[in-house]
Amino acid sequence: MRLSAHPLARPGRSGELLRTIGVLVCVLVLCACTVRQALTPQPGTDLSPLQPGTSKASVDKLFGPPIKEWKTPGGVKYGTYLYQEGTKANGGLAAANAGLTLITFGMWEIIAAKQGSLQNRGPTMPLAVSYDAADKVVDIFPEFNDLPELPPDGRRTSLKPLPDTASAPR
């Protein structure tokens with residue numbers, strides 16, 4: 001009695017195996033862009049050039065024109081800008097991208113590239129900058145959304161402390 005050979009060793013099966021491996025390699029290559037992007041932390045806008053004394057023209061060059069500008073009664077100018085906060089590695093998003101790529105036979109990669117989600121640099125956040133009469137930066141307020149109001153003199157040191165919600169009675 002002769003033992004049958006391994007199923008993969010049968011004539012004609014090696015072509016199927018190579019085809020399967022080829023399809024798997026193609027799928028892995030297709031998943032690479034969005035999955036890699038989701039697993040790679042993205043830097044946000046570099047705020048280090050924003051220092052007291054920087055000219056308004058330099059700030060406008062970095063962020064574009066302000067969304068809103070106003071002047072306090074004390075003569076301090078404020079401008080609000082938008083900046084990218086950056087992203088952290090996101091395993092859940094990577095898995096979702098891999099699944100969508102597989103389900104759509106690679107079309108998700110094209111959709112993601114067209115809508116720009118591959119260049120995601122994180123959420124867009126508001127930033128307030130105060131200027132003196134010579135259009136020089138007085139102070140920077142990246143926590144602009146969390147403040148009840150901006151200081152009339154444009155200096156962080158005159159900010160009222162935020163209420164401590166951790167010790168507040170419930």
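Restricting segment 50-75 to residues that are β-branched (Val, Ile, Thr) and either in contact with a Cys (Cβ under 7 Å, 6 or more places away or on another chain) or modelled with pLDDT of 90 or more (or both), which is surrounded by the most Cβ atoms within 10 Å (Cβ to Cβ)? So the residue we want is Val59. Within the span defined as segment 108-117, every residue fails to be without any contact (Cβ under 8 Å) to a residue 60 or more places away in the chain, surrounded by 13 or more Cβ atoms within 10 Å (Cβ to Cβ), of a type outside the set (Ser, Thr, Tyr) and under 13 Å from Ala38 (Cα atoms). Identify the residue in segment 1-49 that is β-branched (Val, Ile, Thr) and under 30 Å from Gln84 (Cβ atoms) and, among all such residues, is modelled with the lowest pLDDT. Top of the filtered list is Val29. The requirement of being surrounded by 12 or more Cβ atoms within 10 Å (Cβ to Cβ), in contact with a Pro (Cβ under 9 Å, 6 or more places away or on another chain) and modelled with pLDDT under 80 is not satisfied by Thr101.
Here segment 76-98 is the region considered, the condition is being within 20 Å of the chain's Cα centre (by Cα) and small (Gly, Ala, Ser), and the residue that is surrounded by the fewest Cβ atoms within 10 Å (Cβ to Cβ) is Gly92.
Restricting to segment 137-152, name every residue that is surrounded by 15 or more Cβ atoms within 10 Å (Cβ to Cβ), in contact (Cβ under 8 Å) with a residue 60 or more places away in the chain and more than 20 Å from Thr124 (Cβ to Cβ).
Val137, Val138, Asp139
Scan Gly74, Gly53, Gly92, Gly79 and give me the residue that is more than 23 Å from Glu149 (Cα to Cα) and not acidic (Asp, Glu). One residue alone meets the criteria, Gly92.
The values are calculated or read from the model by the stated rules, or taken from the named source; none is laboratory data. On a predicted model such as this, the values are computed, not experimentally measured, just so you know. Every residue, glycine as well, gets a Cβ built from its backbone with ideal geometry; the counts of neighbours run over all protein chains shown.
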